[in-house]
Structures are given as C-alpha cells and as structure tokens.
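Asker: Input: one structure, supplied below.
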Amino acid sequence: MDAHQVSRLTARWIEQLSGEESTVISGLGVQPLLAILAELADGPAREELAEAAGGQYAGLLQTPELRMGLGLWTRPEIPLQPGVDRLVPLEVRGLLTDQAALDAWVIEQTGGLLKRMPIQLNDDVLLVLASALALQTKWVLPFNEYPRDDRRWLSRADQDLESLRVYDGPAGPLTVVTVVGTGEFDVRLIAGEPGRGRGAVLAAALEPSGEGIGGAELLAGAPSSRWKRLFSKERPAPAVEVIESISPVPTVVLSMPYFEVDAEHDLLEHAEVFGLTSAMDTRRGHFPGLSPFPLAVSQAKQAVMARFSATGFEAAAVTTMPMAAGSAPTPGGKALKVTLDHPFAFIAVHRPTGIPVVAGWVAST
C-alpha cells in the first residue's frame, strides 16, 4: 500500500458521489479488501479488482494513533482454501452467527466510535470480509472554542506561516491549512473558490499539483510571476485575507466550525470504481483462492465518521464485503486570516507516507 494507490482510489470515489452535502469516506478502509480479494479471485474479477486496488496487499497501516483490523466470518458449511491464511490469519477469523457478534467486533475495533456493521445479514450471506480503522490524534497547537451563530467555533493563531499553502489546479486555486497532530497524523483543511463543487475540490486536494505558495510569500505579496499568475484583486486566494494583528510576530489565524460528519456508503452503486462489476455476477464463482465453494460479492458497504474539535481529531470506518453463493484588535503586525465560513474539505493524512486515512466535505457552517 502506498499513498498514490489510496489517494487515487479516494479521488475516483469522491468524484462519483452525487450531491454537495456533508460526507466522509475512507479509501484506506476499502483498498486492503480489494487487494486481498484480487489475490484470491480469477478471471475478469481478478483483473478489475487488481486495477482498482492499484497494487498487491501489503498489510495494514498501524501506529499508536491509528488502529486497523481485518475480520473474516464464514458459515460452518463454507470451507476456506489453505492459502487464505497468508492474507487473513486464523486469529481474525470466526463463524458467521448473528448481527450482534459483528456489531461487537465493530465496537471493539473502533473504540466505540462506530456501533454497527453496515450490512444486511440474511440467510444468503455465506461469508463476510471486513476492515476497520480508528484514528485519534491531538493537536500540537489546540484551538480556542467560542459560540457563533448558535454553533461551536474554533480559532487559533499559528506562527508557522508554512502551515498555509495555496495551490493552483484544475479546480482553480485551493487554500490548504495543515493542522499538525502530536504524533504522525495531520489534518488538511481545504477551501476552494466559492461555487466549486465537493468532488472537484477534494479530488484536486488529494493530489495537488506543484509545491504551491506558502504563507510567508502570501503575506509579503511577493511579485513573482507565479504569484501574479495565481492571484490578483479579482481572484484572491480562497478564504485568505491579510489583517492587522496585535502580535508583532506574523501568524496564520484560522477560524472554523467544530464539525462531526458521518456517512454510510453503498460501494456497489459505484462498482466500476472498486473493480466489483464482475465480482457481483452470481452466475459463477469468482474467488477460487478463497473457497472451493462458488462465491460472488452480494454487498459492499462502508460506515464512516469524523470529528474535528478544539483539541484533536477522531475518525473511524468499517468497510464490509459480504458474499453469497454464485450461481478587531490594536494594530501591531500582520497576519493571514483564514475563515472557513463556506463549504470546505478535509483530509486526515499519515505524515510519514502521505496516505490519506479519511477525506470529507463540510457543507454547512
């Protein structure tokens, strides 16, 4: 697994989602399942799954702040091939009994951030393969919290001007503020030009072009050709303004709402994105490496949540693929003020690798 694989899958998915409401997804929760199934499949299903996964299964990302887990449950009458042990070890496998047992696994794996396995368990479900992840990180520089328009708002001043960068891309300029966590994870907050849609902004932010322009250059208004090309009075950097500040030290003043976002997604609505088109065909089995019994994917769903507060960030996702049988201050200095008071995006990123854990959109502030 690498950052490009997960970013590519996440961008393809977010571009297929309809609407502009708040949502959150985790490509990281889906990619390991696609890679595992690709290795156990044959025929067109193997080719489609491998292309969607972008690479072979390379294990799960594990850090003190991020916990990832796999689970595999089968009906007693469904045998597994010996080769499954290499990908899904015996200790994470169990018998498929009832919904309560699956829900208990979700609660354990996510620390209670999610409560339910997002499937419809019925007699047709013979096997369930699932992944879970839970991320909890604290901010190096916490926010102050205050009420605004009957909502909880957050504000802070960061002396690291390079925490703010502006990029030029196919969706127009993007303002990206990185909120640094105490461990290995950061959250990037992204504002596009007003009117830019959720899919375009998030897809561009997942794989930004170039190095962008940092806060120091923005504050100085450096007349470089790059700066002049990107920004003007008629086309300023989204959500950014230069203000007077009490502090003589230049800062990035970030003002934004506290937010909680949760969503449930049916991956089969975008089967081509996940390489599941052939694997859904119940006229034959597609996974001889998994079981000698013919199996086809009958459901594919993800439940996911994210919470951004004054002190830190939490996110959790459960992805499951069941199978059925086939057949105004005193002036003192300058500051860059970023106010996220129109729809904006967010991406939680593993700093050492660049792998996005969750990505989402906050539509209402």
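The values are calculated or read from the model by the stated rules, or taken from the named source; none is laboratory data. From a predicted model like this one, the values you see are computed outputs, not experimental measurements. All Cβ positions, glycine included, derive from the backbone under ideal geometry; neighbour counts span all protein chains shown.
Asker: Look through segment 235-272, keep the residues that are among the polar types (S, T, N, Q) and not in a loop (DSSP other than H, G, I, E, B), and return whichever of them is surrounded by the most Cβ atoms within 10 Å (Cβ to Cβ).
Answerer: Thr251
Asker: Here's a follow-up. Identify, please: which residue in segment 167-226 is of a type in the set (Ser, Thr, Tyr) and under 25 Å from Trp13 (Cα atoms) and is, among those, modelled with the highest pLDDT?
Answerer: Thr178
Asker: Turning to a different aspect of this structure: Residue check: is Val92 aliphatic (A, V, I, L, M) and within 30 Å of Ala363 (Cβ to Cβ)?
Answerer: For Val92, the condition - aliphatic (A, V, I, L, M) and within 30 Å of Ala363 (Cβ to Cβ) - is not met.
Asker: Is it the case that some residue within segment 321-344 is within 16 Å of the chain's Cα centre (by Cα), of a type outside the set (Asp, Glu), closer than 18 Å to Ala205 by Cα and at pLDDT below 95?
Answerer: Checking segment 321-344: at least one residue is within 16 Å of the chain's Cα centre (by Cα), of a type outside the set (Asp, Glu), closer than 18 Å to Ala205 by Cα and at pLDDT below 95.
Asker: Taking segment 155-173 as the region of interest, how many residues are within 14 Å of Gly215 (Cβ to Cβ), under 22 Å from the mean Cα position of the chain (by Cα) and not aromatic (Phe, Trp, Tyr)?
Answerer: Final tally of qualifying residues: 4.
Asker: Would you check which residues across segment 114-153 are more than 27 Å from Leu66 (Cα to Cα), of a type outside the set (Ser, Thr, Tyr) and outside any loop (DSSP other than H, G, I, E, B) and list them?
Answerer: Answer for segment 114-153, where residues must be more than 27 Å from Leu66 (Cα to Cα), of a type outside the set (Ser, Thr, Tyr) and outside any loop (DSSP other than H, G, I, E, B): Val125, Leu126, Pro147, Arg148, Arg151.
Asker: Mind checking which residues of segment 178-210 are in contact with a helix residue (DSSP H, G or I) (Cβ under 6 Å, 6 or more places away or on another chain) and not polar (S, T, N, Q)?
Answerer: Ile190, Gly192, Gly199, Leu202, Ala203, Leu206, Glu207
Asker: Before we move on, is Gly275 touching a strand residue (DSSP E or B) at 6+ places or on another chain (Cβ under 6 Å) and either in a loop (DSSP other than H, G, I, E, B) or assigned by TED's automatic domain parsing to the domain that holds Asp149 (or both)?
Answerer: Judged against the criteria, Gly275 is not a match.
Asker: Hey, Ala310 hits all of (1) crowded, with 18+ Cβ neighbours inside 10 Å; (2) part of a loop (DSSP other than H, G, I, E, B); (3) of a type in the set (A, V, I, L, M, F, W, C) but one; which does it fall short on?
Answerer: All conditions pass for Ala310, except number (1).
Asker: Also, I was wondering about something else. Restricting to helices (runs of 4 or more DSSP H) lying wholly in segment 13-113: which have 2 or more residues that are surrounded by fewer than 14 Cβ atoms within 10 Å (Cβ to Cβ) and at negative phi?
Answerer: Fully inside segment 13-113 and qualifying: 84-87, 99-110.
Asker: While we're looking at this one, here's another question. Among Glu217, Glu207, which is acidic (Asp, Glu) and under 25 Å from Thr137 (Cβ atoms)?
Answerer: Glu207
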